[in-house]
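Notes for the one structure printed next.
The values are calculated or read from the model by the stated rules, or taken from the named source; none is laboratory data. Just so you know, these numbers come straight off a predicted model, no measurement behind them. Positions of Cβ are backbone-derived with ideal geometry, glycine not excepted, and every protein chain shown enters the neighbour counts. The accessibility values were calculated without ligands, DNA or RNA, using every heavy atom of the protein model including side chains. Shrake-Rupley method; radii C 1.70, N 1.55, O 1.52, S 1.80 Å.
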Amino acid sequence: MLVVFLLLVAAAATGSGGATAAPQATSGTATPDRPRYDVSLRSDATGDRWTGRQRVSFRNASAQPLREVYVRLWGNGPDGCAAPAVKVSRVRGGTAAPLTVDCTALRIELPAPLQQGRRATVSFDVELTVPDRTERFGREGAFRFLGNTLPVLAVHDATGWHLDPYASSLESFYTLAGDFRVTLDHPTALKVPATGRTATRPGAPGRTLTRSVARKVRDFAWAAGPFRTADTTTPGGVRVRSYWSPDTPAEGVRINRRDGATAVDALGASLGRYPYGEIDLVMTPGFPGGMEYPGLVLLGTTEEGGAAVHEIAHQWWYGIVGNDEYRSPWLDESFAQYSSFRLMGILEEQCSYGTSWPDDEAALTNSMAYFSTHPGSFRVLYSLGPCALWDLEQTIGSAAMDGLLRNYARDHWYGVSTTAAFKRAAQAATSKDLGPFWDAHRIR
């Protein structure tokens, strides 16, 4: 995610907290797992409104019977119950309760307790109305962005249900990897980049059906508009599909296309091969920074480009190697920033200014409960976070760091990372005592 990465790169080009860390989720089985989302939506003439039905099947991985599930309606986060942009109705497979957590959480009581290893299904009608603002769920001119929009299952583990609040302009998402099969019925004049491998076929007169299949992903996003398009296939075999609005600077489009294709192969070589086969770059001049989704990134594109590498790195850090973004946002933001800086060869340049914490309570491992009330401190995840990982590389050696990150990604592939697990893996990669290192960098 988003704006700070661009600011840091711009600074390099020109030369230029009231809470302790939230506890990590203790060991316990995360459930419901192996979700499968089957979705069919139809848009209006502009892509402003999408209506249809969603079916969600899931398994109970826990030894405890599952009596309910929660569905997160993250698209309601910015405006809450005052102007819900995501509406759900006609729930089947359980009994729906009133929306909670500012209309971002829907509890569905199951008709009978679901035992370990058994599957169940809920379904509901969905109505999505794109807000009139330029952000991940919003619009820019004739272009629509639908990120964090489809309802997704919340996670239950040893700490209970994860029903954290929406973090405006930040991230508080946490889902388990699942499969999506999504059919989008839209006017043929609208191009629709989307998560997954997509194919189109004619629909009703003047309309097109875009069908996407995505496996082992944590979310599904798409965009809609009269995009210009171009495709390329990287030497590593990844299809990079580029979409941009006509007013996007041509040089920025060129740079992002180049950087995106280079990054997906290079990061795949260092962290494990990109598994999804296709990635979409969606570029407009006014989007604020960048935002990552599985197989799709939204990029605000100037003549300099610049955000593609960071957002591609997120395909591994949070996309493939998941984490609880509310409780441990550093595990995706700092790791993506480190990976992108390392690939671009600018770690030493970015980290040559020393450590400057905004206050005594700031820490890399603080949760969104802290960062939401100290928004200026969120920058440490993009600055001090990657520099802490660079210092770790200097401490244990580059070869050991290469092995640590690749093995750590492998061990958490499609799973969930925690700070405690990373600290154990790092300590196992060196004979040096890393205790002082964690303290110095406030990794708690």
So the FRET efficiency between Ala420 and Ser169, C-beta based with R0 = 35 Å and rounded to 0.05, is 0.80
Per residue convex hull volume, Cα only, the stretch 192-316, in Å³ is 99 Å³
For Lys191, counting only lysines whose alpha-carbon sits under 30 Å away and dropping same-chain residues fewer than eight positions off, the answer is Lys87, Lys216
So, relative contact order of the stretch 310-386 in percent, Cα under 8 Å, 6 or more apart, is 40 percent
So, with points 7 Å from each Cα along the Cβ direction, the Ala189-Glu109 label distance in nm works out to 4.8 nm
Dipole check, the stretch 122-212, charges on Cβ (K,R +1; D,E -1), about Cα centroid: among Ala167, Thr210, Val130 the Cα furthest to the positive pole belongs to Thr210
Scoring only Lys, Arg, Asp and Glu (+1, +1, -1, -1) among other residues with Cβ under 9 Å from the Cβ of Phe124 yields +3
Mean 1/r over distinct Cα pairs of the stretch 24-81, inverted to a Kirkwood Rh in Å, yields 14.6 Å
Among Ala428, Leu110, Ala82, the residue whose Cα sits farthest towards the positive end of the charge dipole of the chain (+1 at Cβ of Lys and Arg, -1 at Cβ of Asp and Glu, taken about the Cα centre) is Leu110
Evaluated at 20 °C and 1.002 mPa s, the Stokes-Einstein D of the stretch 108-247 based on the Kirkwood radius over Cα pairs, in µm²/s, stands at 121 µm²/s
Candidates for percent of Cα pairs over 42 Å apart are (1) 17; (2) 11; (3) 25, and the calculated one carries label (2)
Non-local residues with an amide H under 5 Å from the amide H of Phe137, with H modelled 1.01 Å from N and Pro and chain starts lacking one, are Gly147
Quick calc, the stretch 82-121, dipole around Cα centre from Cβ unit charges on Lys, Arg (+) and Asp, Glu (-), nearest 20 debye, gives 220 debye
So, relative contact order of the stretch 53-121 in percent, Cα under 8 Å, 6 or more apart, is 49 percent
Computed about the Cα centre, the charge dipole of the chain from +1 Lys/Arg and -1 Asp/Glu charges at the Cβ has a magnitude in debye, to the nearest 20, of 1980 debye
Rounded to one decimal in nm, the spacing of the 7 Å Cα→Cβ label points at Gln116 and Val91 is 2.7 nm
Computed for the stretch 394-444: size of charge dipole around the Cα centre, +1 on C-beta of each Lys and Arg, -1 on C-beta of each Asp and Glu, debye to nearest 20, value 100 debye
Expressed in nanometres to one decimal, the distance between label points 7 Å along Cα→Cβ at Thr232 and Thr46 is 3.5 nm
The percentage of the accessible area of the chain (probe 1.4 Å, all protein chains present) made up of carbon and sulfur atoms, to the nearest whole number, is 51 percent
Regression test value, accessible area per residue of the chain, probe 1.4 Å, units Å², expected 38 Å²
With a ≥ b ≥ c from the Cα gyration tensor eigenvalues, square-rooted, and the rule rounded for a/c under 1.5, otherwise prolate when a/b > b/c and oblate otherwise, the stretch 289-444 is rounded
Taking the alpha-carbon centre of each part, the distance from the stretch 138-154 to the stretch 343-400 in Å is 30 Å
Once Arg72, Arg59, Arg273 are ranked on solvent-accessible area with the largest value leading and a 1.4 Å probe, the list reads Arg273, Arg59, Arg72
Projecting the Cα atoms of Phe145, Ala263, Ala362 onto the charge dipole of the chain, where Lys and Arg contribute +1 and Asp and Glu -1 at Cβ, the residue farthest towards the positive end is Phe145
